[in-house]
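Heads up: the structure comes next, in structure tokens.
The values are calculated or read from the model by the stated rules, or taken from the named source; none is laboratory data. Every value quoted in this text rests on a predicted model; they were computed, and no experiment measured them. Note: ideal-geometry Cβ built from the backbone for every residue, glycine included; neighbour counts use all protein chains shown. Just so you know, the surface numbers come from the protein's heavy atoms only, side chains and all, with ligands and any DNA or RNA stripped out. Shrake-Rupley method; radii C 1.70, N 1.55, O 1.52, S 1.80 Å.
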Amino acid sequence: MSLESSWVGSANSAETDFPLNNLPYGVFSVAGSAPRCGVAIGDLILDAAKAEAAGLLTLAGGPLLQSGAWNPVMSAGPTVWGALRARLAALLAEGAAERARLDPMLVAQSDATLHMPFTVSEYTDFYASRNHAFNVGTMFRGAENALPPNWLSIPIGYNGRASSVVVSGTDVVRPWGQLKDPDDSLPRFDKCARFDLELEIGAIVGTPSKGMVSVAEADEMIFGYVLLNDWSARDIQAWEYHPLGPFQAKATATTISPWIVTRAALEPFRTATPERERPLLPYLGEPGPMLYDIDLRVGLTPEGGKETVISETNYKTMYYSAAQQLCHHTTSGCSMRTGDLLGSGTISGTGKDSRGSLLELSWGGREPITLADGKTRSFLEDGDTLTLYGAANGDGYRIGFGACAGKVLPATDLPDWARA
Ligand code: CA
């Protein structure tokens, strides 16, 4: 594959996140208009709702682009997804006859506000990076017992909250919670002091399911992918998680990037999961490569300061694919819905600079990292902006995700009824 030419000049650059090869789906507004479905192309957005209304994008079962969310397209299934992508590619290709009609339907990304691209119906978070699981396990149980006994057999996950998922650019308020230091006999209610990020990729379920689905069927159900920051309160988590796992520690916010990068756009970047250390049960077998080669980066910008890249890694380092996770999710008979969001789990590489959380980067706070301005961080401080970047890098082009950013605001004042 190489860069495909568009009549939108800014799309024909090796540096843009959004060449014609990408065509990711988002929801935008300009000057206070209602949120509308759009497609990123170079530094512009095609108003897809307007193009559909003008008869330039006719989809089976349509109209599908008038609701201000991509769910109607997602539930329409892979045949409609393929037709939509092919039509968009033709409309925006160099030499397209419709150029004059489409030109007034383009808006500058710099003039637009981006909104949640789809309605999240449910959110499940996994724990699928061997390096991350090993690092966290080593900190809490020592290297010999780092991986839980089930880890090499089960794509471990827990049910999260759809209501806590927010789009990039949304501020995140530091949570309050029950905390207990190891030396204290009783817990206290206090501000989280160990607020953290988790670098993840989110897989979005398009077509719903009933009953168990195979890994191959699960892959076909996935509409696309986003970057995902699963904000985590480590001190709340440490006290609350016995025996049912994380709860309020993960419920403050989960930030996703604003553009849904389709499975079709990522197709040239498929890569296989690593060799199995323990044979998987047959139902988790993969019919082909199910991971993607996506370069990932985390930037931390203190209030009024400049950004430091604190981690660089790649999605291909994961042990389980989203298709395996989705298949496992259905083994109980659990139905999946259009708009189900699956977090990959924190993505950590093998090197110290490729860890996907501050918990690992600062090794539980014992080895603070140093930022460009000389300040140090064990965990996030108020005013810090955390930005995830991701792109699959092809030959002279890239399939980018756009930034996934959030700023940490100070905890709110505690209401009187919660005080001693
Ligand atoms: Ca997570």
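For segment 309-366, the direction-averaged projected area of the alpha-carbon convex hull comes to 5.5 nm². The residues packed around Gly345, meaning those with a beta-carbon under 9 Å from its beta-carbon, carry a net charge of -4 if Lys and Arg are +1 and Asp and Glu are -1. Other residues within the sphere of radius under 10 Å centred on the Cβ of Met221, judged by their own Cβ, net out at -3 (K and R +1, D and E -1).
Taking all Cα-Cα distances within segment 310-405, those exceeding 20 Å account for 54%.
Calculate what fraction, in whole %, of the accessible area of the chain sits on carbon and sulfur atoms when a 1.4 Å probe is rolled over the protein chains. Heavy-atom surface of the chain belonging to carbon and sulfur, 1.4 Å probe: 53 percent.
Other residues whose C-beta falls under 12 angstrom from the C-beta of Val120 contribute a net charge of 0, scoring Lys and Arg +1 and Asp and Glu -1. Based on Cα contacts under 8 Å between residues 6+ apart, the chain shows a relative contact order of 21 percent.
Candidate cross-link partners of Lys306 among the aspartates and glutamates, defined by an alpha-carbon separation under 17 Å and a same-chain spacing of 8 or more, comprise Asp373, Glu381, Asp382, Asp384. Summed over the residues of segment 123-419 and divided among them, the accessible surface reaches 41 Å² per residue at a probe radius of 1.4 Å. Taking only the C-alpha atoms of segment 123-419, Rg followed by Dmax gives 18.7, 60 Å. Result for the chain in a Gaussian network model with C-alpha springs under 10 Å: among Glu52, Glu98, Glu286, the largest mean-square fluctuation is at Glu98. For helix 130-141, report the angle its Cα long axis makes with the longest principal axis of the Cα atoms of the chain; keep it between 0 and 90° and round to the nearest 10°. Result, in degrees: 20. Every Cα-Cα pair in segment 9-115 was counted, and those over 15 Å apart are 61% of them.
Using the Karplus relation 6.51 cos²θ - 1.76 cosθ + 1.60 with θ = phi - 60°, the per-residue 3J(HN,Hα) values for segment 101-110 come to 6, 7, 3, x, 9, 9, 10, 6, 4, 5 Hz, with x marking Gly and Pro. Between Asp103 and Asp395, the simple spin-label model (points 7 angstrom out along Cα→Cβ) gives 3.4 nm. Most tightly packed first, judged by the mean number of other beta-carbon atoms within 10 Å of their residues, the peptides 357-370, 296-309 read 357-370, 296-309. The DSSP beta bridges internal to segment 123-419 are antiparallel in roughly 85% of cases. Output the pairs from Lys50/Lys316; Lys250/Lys407; Lys191/Lys250; Lys316/Lys407; Lys180/Lys250 with a Cα-Cα distance over 26 Å in this structure; if there are none, say none. Violating the 26 Å Cα-Cα cut-off are Lys50/Lys316; Lys316/Lys407.
Against the main long axis of the alpha-carbon atoms of the chain, helix 78-92 sits at an angle near 60°. Placing R0 at 41 angstrom, the Cβ-Cβ distance between Ser67 and Asp413 gives a FRET efficiency of 0.60 after rounding to 0.05. Placing unit charges on the Cβ atoms only, positive for Lys and Arg and negative for Asp and Glu, gives the chain a dipole magnitude near 560 debye about its Cα centre.
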